[in-house]
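The structure appears below as structure tokens.
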Amino acid sequence: MEERKAKSIIHMHLSESLKLYGILGSESLRGNSHAEAVTEAIKGGITCVQIREKHLSKQQLLGVISEIKPICDEAAVPLIINDDVEICKVSDANGVHLGLSDGSIVEARKLLGDDKIIGATAHNLEEAIAAEAEGADYVGVGAAFGSNSKGNAVKLPSLEVYNQITDSVKIPTIAIGGINTDNIGALAGRHLAGVAVISALFGAQDIKKSAEVLRNMVNKLQHEETRTEI
């Protein structure tokens, strides 16, 4: 019962949990274990962790999740699994993130239930609206600035796409794709719940410090937006 309640609380405060969303895969690690990288990122202020592993077997992936999940649970940081609904269910992670070709959001909801977080990828307003209609809890939109981590990522035609989406859907929107300390300022005024980072966080020499800097920059962006609206 307590576990179910904890998941519901994370779901209720989803926008806050999406503020600094770290995506971790083996290719980003610089000699650290997954657990070490996640621990340092959480110390620095990361608010959500997604595991994106394309080249591990299911058993290997479950092994990684078993190392990371207790760390995330203790810090009340949601753990999201990329693409794999079955792995999400078996591991009892907090949710799953589905790309456009990763299966139905509706079917994922049937399997996982209402307590799990389901995120969806979108590249434009139409895809974001469709994701919301199908029951996604948040939408990840990009690529904002291209991507060093995903070779087939297509850069958005304009950052105005974020404004179009945040003006039109009620679920939280996060930006993804090549985001780092040099360009994050360009996302000001986009009304985003947060940003997703990969190499700028887990590829950094000092993960904790990188997380601290990125978190402060996101906080500043959102504070300035709030002040402008008042």
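Read the figures in this text as sums done on the coordinates, not as results from a lab. It should be emphasised that the depicted structure is a prediction, and the values quoted were computed from it without experimental measurement. Counting neighbours? That spans all protein chains shown, and the Cβs are built from the backbone with ideal geometry, glycine included.
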task: Can you give me the three principal axis dimensions of the range 33-158 from its C-alpha atoms, in Å, biggest first?
output: 37, 34, 28
- request: Could you list which residues have their amide H under 5 Å from that of residue 94, counting only those 5 or more apart in sequence or on another chain, with H placed in the peptide plane?
  value: 79
query: Using 14 Å as the cut-off for backbone N distance, which residues of the range 189-210 belong to the label zone defined by a point 7 Å from the Cα of residue 67 along Cα→Cβ?
result: none
Of 71, 117, 179, the one that fluctuates the most in a GNM where the chain has Cα springs shorter than 10 Å: 71
- prompt: In debye to the nearest 20, how big a dipole does the range 1-224 give about its Cα centre with +1 on each Lys and Arg Cβ and -1 on each Asp and Glu Cβ?
  reply: 300
task: With springs connecting C-alpha atoms under 10 Å apart, model the chain as a Gaussian network and identify which of 57, 147, 199 has the largest mean-square fluctuation.
output: 57
message: Using only alpha-carbon positions, what ratio does the radius of gyration of the chain give when scaled by 2.2 N^0.38 Å?
response: 0.94
- prompt: Which distance in Å, rounded to a whole number, links the C-alpha centroids of the range 175-230 and the range 73-152?
  reply: 20
query: If you take the beta carbon distance between residue 36 and residue 16 as r and set R0 to 30 Å, what does 1/(1 + (r/R0)^6) give as a FRET efficiency, to the nearest 0.05?
result: 0.75
- line: With R₀ set to 35 angstrom, the calculated FRET efficiency between the beta-carbons of residue 224 and residue 154, to the nearest 0.05, is 0.75
- prompt: How far apart, in nm, are the 7 Å Cα→Cβ label points at residue 216 and residue 55?
  reply: 3.5
query: What is the P(r) of the range 162-227, as percent of Cα-Cα pairs per 10 Å bin from 0?
result: 21, 52, 23, 4
